[in-house]
Amino acid sequence: MADEQLDGFAPVDCFTDVPGLGVGHAEDRSALTGVTVILPDAPMTMAVDVRGGGPATRETDALAPHTLVERVHALVLSGGSMFGLAAADAVAVTLSQSGIGLAAGPLPIPVVPAACLFDMANGGDKTWVEPPHRALGRTALAACARPDSSGAAGAGFGAIAGSRPGGIGSVSVRAHGFTVGALVAVNSFGEVYPGAPPEDAVALPKLARSGGLSAQSTCIGAVATDAPLTRAQAQRVAMMAHDGLARAIRPIHTPFDGDAIFAISTGPATGVDAVALAIIGTLAADCVARAVRRAVFGNQGAAVAAADAAA
């Protein structure tokens, strides 16, 4: 793999190893929030699976296999809860002004789904007159590039994961003739573990004292592949990818979370056989688990390295 060139870039175990994708991040260091934009070289196939009890999303219904629009022009992941959805507005307007979108009127109409995490109680200055996310969306879009990175960046900038700082994690794998990557902003109500979560991990003190909205909740992210998935197949991959969250976080998909995983294919939507689909979904779940751990623990420590190798 080290010598293999994909899409003109050498694989470095990050999300943008998947050919045809760029990622950009932007942060507001005073508000402790940020935005991440995923921008394809060409419109992409996309589906989503939303499992958390408190999602903040945009255009997810349009991704269902039975709906009209076949291809998507960008994906936005943001902090700021519902305020963060403005980042996708800015990205859509900027893309339209650049001539990108559906030819359905006097202006191109981009399809830009989005999901936001809740970082409104992380200690940052939220006494804004105008939320920063619209401007952050434009900045993140302009920053889209390859390769991308992990850590305190973009949508994960102000994240908190259980008792630890959160972040955004980016990983990839090349296997069975496909490249699969995951990019996950980890702001979980549950605790993140470097290995398999212990069975008693659900007995968190935080659960006992929680009386409403948690100060930190929601993992949002995307898995991507160059395999030629249909929208229905991409939705199956998104569903399987959620299992990666459960491998690294406990509890997960709680009433406080807005967990959402998007699945992207940069290939033609011709479809793969059922065996290939099962392999891609399994690799996606593996990548999500590694991305969660990388977001929180980075690449430091023997325990984390062993967990990454075993995931």
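The values are calculated or read from the model by the stated rules, or taken from the named source; none is laboratory data. Note that the structure is a prediction, hence the values are computed from the model and not measured. Every residue, glycine as well, gets a Cβ built from its backbone with ideal geometry; the counts of neighbours run over all protein chains shown. Just the protein is used for accessible areas: all its heavy atoms, side chains included, with ligands, DNA and RNA removed. Shrake-Rupley method; radii C 1.70, N 1.55, O 1.52, S 1.80 Å.
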Subset of the range 177-196 [at pLDDT below 90 and farther than 22 Å from V48 by Cα]: E191, Y193, P194, G195, A196
Filter the range 1-59 down to residues that are touching a Cys at 6+ places or on another chain (Cβ under 7 Å) and at pLDDT 95 or above and give me whichever is farthest from T270 (Cα to Cα). G24
Check I261 against each of (1) at pLDDT 95 or above; (2) in a helix (DSSP H, G or I) and name the one condition it does not meet. (2)
The correct count of residues that are assigned to a helix (DSSP H, G or I) and closer than 14 Å to V186 by Cα in the range 231-258 is 6
Let me confirm something: among A86, A26, A42, which residue is closer than 30 Å to G124 by Cβ and open to solvent by 10 Å² or more (accessible area, probe 1.4 Å)? A86
Would the range 212-230 turn up any residue that is open to solvent by 10 Å² or more (accessible area, probe 1.4 Å) and not in a loop (DSSP other than H, G, I, E, B)? no
Hey, any hits in the range 104-125 for a residue that's over 30 Å from L68 (Cβ atoms), over 20 Å from the mean Cα position of the chain (by Cα), modelled with pLDDT of 90 or more and among the charged types (D, E, K, R)? yes
